[in-house]
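Working notes, structure below.
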Amino acid sequence: MKDARVQVMGIDAGGTMTDTFFVKENGSFVVGKAQSNPEDESLAIYNSSQDALSHWQSDVSKVYPELVTCVYSGTAMLNRVVQRRGMEVGLICNKGFEQMHSMGRALQSYLGYALEERLHINTHKYDDPLIPLKRIRGVTERTDVKGQVVIPVRQEEVKVAVKELLEAGAKAIVICLLQSHKNAESERIVRDIALKEIEKLGKNIPVFASVDYYPQRKESHRMNTTILEAYARLSQADKPSLKSATDSKSMALNLIFV
């Protein structure tokens, strides 16, 4: 067992503790734990890794170089949503559906309420949407329920939408069009145009198309899932800092963020 190669490392970075999980090619695994350190996340990862690998009488200098996959996740991303500290996201949707996200779902307004409070709509309260209306733009396009493109994407409108979202301070752009789970063509056209326009305008921000993350029916589910993916994602500024921090301790991890 000691000779089996360590192939996978998982990192679960929480607000209090940082857990690491190592798996060998034969399926055996160990788990480590250390105090989280928001000032230097790499220190918590390092200490947790050493704690885990001590069960195999090994250490990071021997194991990290042979890793095949390293996945970073954790409650830190959930905390971003709960504390509303996520990225400033922009949304491109079908024209006429700009308020779909802010309308939300009825359940959101009374979840956890007592029965008498559920019965009266004046007691219901919606949280502020993750994306305000000022960072939402609609473009002309329509695909029917069978997946047939009825109205092609107005590409000039997409270019204008991207420019306006960047000017409004968007640090990421989500794209969600009606019926894209049936036919992804229009949404991918919008995605590709957005990427080109962002580059043309000298910016470097991610684009999240719902067909790439949650290509399922039910528009509000698909839109909200993709928005959460963008909102809770580590910012482009955070990723290099974590990468450089781990590199500085000879931890050279090829991190995958989920």
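Since every read-out is calculated from the coordinates, none of them should be taken as a lab result. Just so it is clear, the structure is predicted and the values come from calculations on it, not from any experiment. Using ideal geometry, Cβ is built from the backbone for each residue, glycine included, and neighbour counts are taken over all protein chains shown.
Remarks
- Shape category assigned to segment 158-238 from the gyration tensor of Cα positions, a/c cut at 1.5: oblate
- Pairs of C-alpha atoms in segment 78-160 farther apart than 18 Å represent 60 percent of all such pairs.
- Amide hydrogen neighbours beyond the local backbone of Ala172, cut-off 5 Å, H modeled: Gly90
- Residue ranges 144-152, 28-36, 10-18 sort as 10-18, 28-36, 144-152 when ordered by packing (mean number of other C-beta atoms within 10 Å per residue, highest first).
- Cα-centred dipole magnitude for segment 43-119, charges only on beta-carbon of K, R (+1) and D, E (-1), debye, nearest 20: 260 debye
- Electrostatic dipole magnitude of the chain [Cβ: Lys, Arg +1; Asp, Glu -1; Cα centre; debye, to 20]: 580 debye
- Kirkwood Rh and Cα Rg combined as Rg over Rh, evaluated for segment 1-50: 1.05
- Selection from Thr143, Leu228, Ala172, by position along the positive dipole direction of the chain (Cβ): Thr143
- Altogether, the Stokes-Einstein calculation at 20 °C and 1.002 mPa s, with the Kirkwood radius of segment 40-103 over Cα pairs as Rh, returns a diffusion coefficient of 135 µm²/s.
- When the P(r) is computed for segment 115-174, the part past 16 Å accounts for 64% of the Cα-Cα pairs.
- Basic side chains Lys and Arg get +1 at the Cβ, acidic Asp and Glu get -1 at the Cβ, and with that the dipole of segment 1-42 about its Cα centre reaches some 300 debye.
- Peptides ranked, highest mean first, by Cβ atoms within 10 Å: ranges 187-197, 59-69: 187-197, 59-69
- Here segment 1-123 is treated as a sphere whose radius is the Kirkwood value from Cα pairs; by Stokes-Einstein at 10 °C and 1.306 mPa s it diffuses with a coefficient of 88 µm²/s.
- In this structure, the amide hydrogen of Leu178, modeled 1.01 Å from its nitrogen in the peptide plane, lies closer than 5 angstrom to those of Asn94, counting only residues at least 5 positions away or on a different chain.
- Pair-distance distribution P(r) for segment 88-232, from all Cα-Cα distances in 5 Å bins starting at 0: 2, 10, 20, 21, 19, 11, 8, 5, 3, 1, 0 percent.
- The modelled label-to-label distance between Arg84 and Lys203, using points 7 Å beyond Cα along the C-beta direction, is 2.3 nm.
- Taken over the C-alpha atoms, the chain has Rg and Dmax values of 22.0, 65 angstrom.
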